[in-house]
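Written out below as structure tokens is the structure these notes cover.
Read-outs: derived from the displayed coordinates by stated rules, not from any lab. Owing to the predicted nature of the structure, the values given are computational and were not obtained by experimental measurement. Counting neighbours? That spans all protein chains shown, and the Cβs are built from the backbone with ideal geometry, glycine included.
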Amino acid sequence: LSERLDSFSSDADLSTLVTQVEARLETHPEDGMGWATIAPVYVSTGRYNEAITAYTKAISLLGESADLRSGLGEARLAAADGIVTAEALKDLEKALQIDPKNQRAQYYQAVAAEQDGDRPRALALYQNLARNIPPDSEPGRLIMRRIDALTGTAQSAVPDETTDQGAMIRSMVQRLDEKLTRDGSDLDGWLRLMRAYQVLGD
């Protein structure tokens with residue numbers, strides 16, 4: 001990781017970083033962390049099929065994790081224009097088996113239920129997720145809009161998936177940042193936070 005970061009110029013833009021990571025992966029395809037690093041960037045830049053490939057390779061090299069599995073599920077649904085396909089749902093369910101509190105997987109599981117027309121289940125899943133997210137935060141307000149739409153109290157359409165994903169990412173980044181502020185000894189946590197801030201351009 002140090003070698004990779006040392007090769008980045010301090011003012012390198014996202015496209016330059018992507019190019020450099022891709023160049024490294026061509027010569028070091030066994031670099032699981034490299035695949036895990038670039039996968040969410042592919043999602044954020046609309047390269048969904050490449051994101052699916054990157055997440056799949058990261059999982060095969062690094063092993064199963066809720067973060068990687070839910071990321072793969074998100075990439076699959078993004079590639080399907082926001083539809084939670086059966087394959088994407090399997091990834092989300094695997095993520096929840098690993099970590100039942102994974103909020104990205106919980107959120108898209110609720111979206112899947114809503115898309116399937118199972119309004120009671122979708123409502124229950126959104127309400128359960130809302131219990132663990134501050135209601136005045138952006139993702140908290142998003143989930144409340146979903147709940148309002150299902151209970152008939154909303155006047156507007158459901159917000160688009162791009163906005164939803166951004167809200168969830170920002171929420172997860174904020175929670176991880178707060179966790180590392182309390183305990184800075186989690187190396188993997190710092191690596192995840194670094195990748196997340198790269199995706200956000202911060």
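Note on K179 and Q127: with the Förster distance fixed at 25 Å, the Cβ-Cβ geometry gives a FRET efficiency of about 0.55. Bridging of K90 to lysines at a Cα separation below 24 Å is possible for K57, K101, once same-chain residues fewer than 8 apart are set aside. Expressed in units of 2.2 N^0.38 Å, where N is the residue count, the Cα radius of gyration of the stretch 1-126 is 1.16. Once the cut-off is 17 Å, how many percent of the Cα-Cα pairs in the stretch 70-160 end up in the long-distance tail? Cα-Cα pairs of the stretch 70-160 separated by over 17 Å account for 48 percent. Between E138 and T153, the modelled label-to-label distance comes to 2.4 nm, taking each label 7 Å out from Cα in the direction of the beta carbon.
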